[in-house]
Amino acid sequence: MTSLNDKMTVLKIDTAGCETQSEAVWGGGNAPKEVKSKEQKKMDLDLLEFAFDGDEKEVKKLLEEEGADFCEVDSRGNTALAEAAVAGHYDCCKILLEFNHPLGSDPNHVSKNDKRTPLHRAAFSGNFELVQLMLTHGGDPRVQDKHSDRPQDISTNEDIINLLNNYDVK
């Protein structure tokens with residue numbers, strides 16, 4: 001007798017030239033699972049690295065020409081935006097926030113380990129203009145990390161602390 005598992009079909013779907021495949025076992029209760037090619041994974045990791053390094057040219061190239069995934073996270077759950085923010089790289093953050101507008105990177109993405117957002121990281125970096133940029137793109141200073149700290153609680157810059165404490169979230 002043939003079992004239900006023997007009759008299930010695995011689907012592989014190539015989407016938009018990103019060499020991303022989706023595998024699903026239909027009828028077995030498993031949700032579709034995305035599987036990225038080695039090339040896509042490397043490109044996504046390169047984006048995280050170049051963002052941390054502040055290499056605007058490479059970040060822009062990876063996003064616009066290569067199709068890197070700006071939502072990809074590292075092992076700690078940080079996006080390229082978080083990596084650029086912690087290093088205070090305003091121009092890289094601006095590229096990531098405005099890429100594919102209005103869908104750009106999320107300034108409120110919560111990391112896996114410390115539950116901090118890119119706005120937390122920008123506040124920690126001490127870059128006032130970067131904090132303003134995050135706020136204008138929807139950053140929320142009310143979000144707390146795993147220690148219940150808001151972005152203004154981890155900044156040592158008085159101007160940033162005042163800006164965040166007095167910011168009117170719309």
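The values are calculated or read from the model by the stated rules, or taken from the named source; none is laboratory data. Quantities reported herein were computed from a predicted structural model and do not represent experimental measurements. These area figures cover heavy atoms from the full protein model, side chains too; ligands, DNA and RNA do not enter into them. Shrake-Rupley method; radii C 1.70, N 1.55, O 1.52, S 1.80 Å.
Values computed for the structure shown
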{"read-out": "Accessible area in square angstrom per residue, the range 56-170, 1.4 angstrom probe", "value": "51"}
{"read-out": "Long-range tail of P(r) for the range 64-170 (Cα pairs > 19 Å, %)", "value": "36"}
{"read-out": "Karplus-derived HN-Hα couplings along the range 77-86 (A = 6.51, B = -1.76, C = 1.60, θ = phi - 60°), whole Hz, x at Gly and Pro", "value": "x, 8, 7, 4, 4, 5, 5, 5, 5, 5"}
{"read-out": "Anchor K112: aspartates and glutamates whose Cα lies under 16 Å away (excluding residues fewer than 8 positions away in-chain)", "value": "E72, D74, E83, D145, D149"}
